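Report on the following structure.
Values quoted throughout were computed directly from the atomic coordinates according to the rules given, and no laboratory measurement underlies them. Only a predicted model underlies this, so the values are computations on that prediction, with no experimental measurement involved. As a convention, Cβ positions derive from the backbone with ideal geometry for all residues, glycine included, and neighbour counts pool all protein chains shown.
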Amino acid sequence: MKMMIVDDHAGVRTMIRQLLAAPGDCFVECPTGEAAVQAARDFKPDYITMDIRLPDLSGLEAARAIRDIHPTGRVIILTSYDQPFLRQSANEVGAVAYILKDNLAELRSVLERETIPPSPSGSVNGQMPEPTPSGEPANSGKPCSRSSVPTDPPADASQKPTPSRTENPLRVLMIEDSKNDCELIIRHLKRCGFTPRVRRVFDRTEMRRALDQDAWDIIITDNQLPTFSGAEALALVRELGLNIPTLCVTGSADPVRIAEVLDAGACAIVSKDDLAPLCLAVNDALNRKSAQSNPPGPAGLDSRGAE
C-alpha cells in the first residue's frame with residue numbers, strides 16, 4: 001500500500017503512520033496542501049489521509065487537486081471538525097470516508113476494506129457513501145471554494161458557555177512558555193463565548209505564587225515546558241489540595257507524555273494544531289466542578305438539608 005499522510009502537525013502524522021504501518025507499505029508525509037499536491041504527481045498514493053485545516057490550501061481543495069491529478073487515489077478526511085457542511089463538501093470532492101481524529105481506530109477499518117471507492121451517486125440520506133468494489137474513481141463533484149472551508153470555524157452552539165458564565169470572567173491560569181500559543185488559546189476561548197481573564201506562568205515557582213495569590217476557575221497547561229511539565233503542574237495542584245479542573249493543550253502527540261498527564265488527572269487533552277475541541281472540554285470541566293461543589297440533596301431538601 002502507498003499512503004500519503006497530510007497534516008501540518010508532525011506528531012499527528014507520526015501517530016497515523018504508526019497506526020497503519022505494515023511490512024512493505026510506503027508512506028509520504030506532507031505538512032501542507034501544496035506539498036501534497038506536488039508529491040501526488042510522482043508518488044501516486046493508493047490512499048490519502050487529509051486534514052481539513054492546513055496552512056495554505058484547505059484539505060478539501062488539496063483533495064480535489066490530487067484527485068484531478070490521480071483519480072484513483074482514495075481520499076480519507078481526518079479532522080476534528082464535525083460539521084454537516086464539511087461532510088457534504090468532502091463528499092463532493094470524492095472522499096471515501098470522513099473520520100474524526102478522536103476515533104482513529106476507524107481509519108484502520110476503512111483501509112481494511114481494500115477497495116473502497118465511493119458510489120458515483122454521491123451520499124445517501126446525508127451520510128458518506130458506502131464503498132463499492134467497482135474500482136471506478138468517484139465523481140469529483142463541484143469545485144470547493146476557499147471560502148467554503150473556514151480557517152477558524154464558528155463554535156457549535158452546544159459548546160458555548162451558559163449565560164451565567166458569559167456574564168463573569170473565566171479566570172484562567174495558563175501554564176505556557178509561548179506567548180503566541182497563549183494568545184491563540186485566549187482568542188479561541190473568546191470565540192466560544194467566554195470572557196477569559198488570563199495569567200500566564202511557565203515554571204513551578206510562578207505557578208505556586210499564582211495559586212497562592214488568586215482563585216482560578218480552570219488551569220490550562222502545556223504538556224512540556226523547558227523546566228516544567230503538565231504532569232508536574234497537576235501534581236502541584238493535588239499537593240495544595242485544590243479542586244481546579246486542569247486541561248492539557250499541547251503540541252506533542254507523544255503517547256507516553258500524553259499518558260503521563262492523563263494519569264496525573266488532566267480532564268482532557270487538546271491539540272494546539274486543532275483547538276476545535278477546546279470549547280467542549282472547558283464546558284465539561286466546569287460542569288463537573290459545579291456538580292462536585294453543589295451535589296443534589298435528598299428529595300424535598302436543598303443541598304443544606306433545609307425544607
Quiz item: If each residue's Cβ is checked for other Cβ atoms within 10 Å, how do Val28, Val249, Val201 rank with the fewest at the top?
Solution: Val28, Val201, Val249
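Seen from all sides and averaged, what is the projected area of the convex hull of the Cα atoms in segment 157-293, in nm²? Don't skip to the answer; put the middle values down first.
Working: hull surface 31.1 nm².
Seen from a random direction, the Cα hull of segment 157-293 projects 7.8 nm² on average.
Could you please rank Met15, Met4, placing first whichever residue has the fewest other Cβ atoms within 10 Å of its Cβ? Walk me through the intermediate numbers first.
Values: Met15 18, Met4 25.
Fewest-to-most Cβ neighbours within 10 Å comes out as Met15, Met4.
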Self-check item: Violating pairs (Cα-Cα greater than 31 angstrom) within the set Lys101/Lys179; Lys44/Lys101; Lys2/Lys179
Solution: Lys2/Lys179
Quiz item: Fewest to most neighbouring Cβ within 10 Å: what's the order for Asp263, Asp177?
Solution: Asp263, Asp177
